[in-house]
Structure formats: C-alpha cells, structure tokens
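The values are calculated or read from the model by the stated rules, or taken from the named source; none is laboratory data. Remember, predicted model here, so these are calculated numbers, not experimental data. Neighbour counts are summed over all protein chains in view; Cβ atoms, including those assigned to glycine, are modelled from backbone coordinates with ideal geometry. Heavy atoms of the whole protein, side chains included, go into the accessibility calculation; ligands, DNA and RNA do not. Shrake-Rupley method; radii C 1.70, N 1.55, O 1.52, S 1.80 Å.
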Amino acid sequence: MKNQHSSSSIHAQHEQYEKTKKVWIDTGMLILGVLGSSLLAVACLWLDYLYGDHYIGETSVTEYVQQILLGITVVAFYRIKAGHETLRHAAILISGFFMVLFIRELDFLFDYIWHGFWVYPAVFVTIGALAYAWKGKNQVLHEMAEILSVPNMRLLVCSVIILISFSRLFGMGSFWHMVMQGDYIRNVKNIVEEGTELLCYALISYSAVSTQLSMKVRYAAMQQHKQVNVSESIYR
C-alpha cells in the first residue's frame, strides 16, 4: 500500500510539474509573439518614413507586410483543413474569411481591371467557403468549437475585432479633422490607421500559425494514445 501511495504521489507531482512547465512555456511564447508583432509593426512604419516616400501607400512596406501576414494566415487554416479531416468545414470557413481580407488588401491590383473589381473574387470566395461549410452543416459548429478551444484563438478573435472595429473607427478622417482642425495632416491619420492594422494582422498571423501547430501536436498525441490503447488491448 505504501509503495502504491508513493508511486501515485510521484506521478501526481510529475503531472503538476509538466502542467506548470507547459503554462510557462505557452505564456513565454505568447509574450514573444505579441512583442515580435509590435516590433514588426513599428519597424515597417519606420522603414516607410525613413527610406520610403514618407507616405504609406499601396506599394509601401507596411502594405506588403500586411498582405504577406494575411497570406500566412490563409495558408495556416488551409493546412488545418488538409491535415485534420474532421475539422475541414470550419477550417475552410475561417480560411475563406481571411482570403476575402487578403483580396481586399489587393484592391489596387484589381483596380487595373476596373475600380472596385475586388468585390467579385471576394464574393466568389465567400460563396465557395459557405457552400463547402454547408456540406458539413451538422458538424461545423462542433468543428469551430474544437478550433476555438486552442488558447491562441482567443488572441486571434480579439485581434479581428480590433481590426474591424477600433482600427476603422479610429482611422476615420472626420475624427482626425476634428482633432487636428486646421493643422490636419493626412499622413498622421494614415500612420495611425495602417500601424494599427499591421499590428492586428501580425497578431492574427501569429495566432493562426500557433493554432495550426497546436492542432498538429494535439492530434499527434491523440493518435499516439489510440495506438497505445490498441496495443494494450492486443496483449490482454
């Protein structure tokens, strides 16, 4: 009895140690991710104003990095779809959402066809993602909940909300006209708006990649656990 009690106590201490270790590692990675995203946003703005045209336009470093980060996010969720069959409908829905944002950021290219043409490929992607998700309408909410259960998805959701609400409202020209009145400088408004957007995109990209990696680790652990159970059932 004493040996059993000692063994269970050691096992409990080991589990607590591993849990504490994981929490600190995850927290450290989150701090590094947010810090890195902040530094990236500031660095891009500095590059645009130090070595660029002192203006954040469609061909600025800031805009290019925003597009790259959105592309990374789209690929991350598509990889979840490709690697986890049971999450494919929700993953495509999320990937499609960010693909629409990606297309919107490339509106200046679509304007070569005609002004506002970006709406058509965006609508096409939206319909395609919704149609695919509809095929799994009975599972899509459960799939979405599974993805949202990854801790860094909360950071992604918060970043999206800030992107579509705060950055848009804070970057309104009428607000900055009211603030600066006769001293209104458009570049000030642009750097605030684009800087906030870039920070959000960086956080979203970090969250998407870390979520994809977390799902990969989680499912690998599940598969290993299943194999262990199968092996034990064979030898019984």
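Tabulated data
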read-out	value
Residue within segment 224-235 that is at pLDDT below 55 and either small (Gly, Ala, Ser) or under 19 Å from residue 101 (Cα atoms) (or both) present	yes
Residue 171, sole failed condition from (1) in contact with an Asp or Glu (Cβ under 7 Å, 6 or more places away or on another chain); (2) open to solvent by 90 Å² or more (accessible area, probe 1.4 Å); (3) of a type outside the set (Phe, Trp, Tyr)	(2)
Test for residue 72: is it open to solvent by 50 Å² or more (accessible area, probe 1.4 Å) and either in contact with a strand residue (DSSP E or B) (Cβ under 9 Å, 6 or more places away or on another chain) or closer than 20 Å to residue 210 by Cα (or both)	yes
Pick from segment 107-148, criterion surrounded by 13 or more Cβ atoms within 10 Å (Cβ to Cβ) and of a type in the set (S, T, N, Q), ranking: farthest from residue 203 (Cα to Cα)	139
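Rundown of residues vs (1) in a helix (DSSP H, G or I); (2) of a type in the set (Asp, Glu), yes/no style:
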| site | (1), (2) |
| --- | --- |
| 15 | yes, yes |
| 21 | yes, no |
| 35 | yes, no |
| 43 | yes, no |
| 58 | no, yes |
| 64 | yes, no |
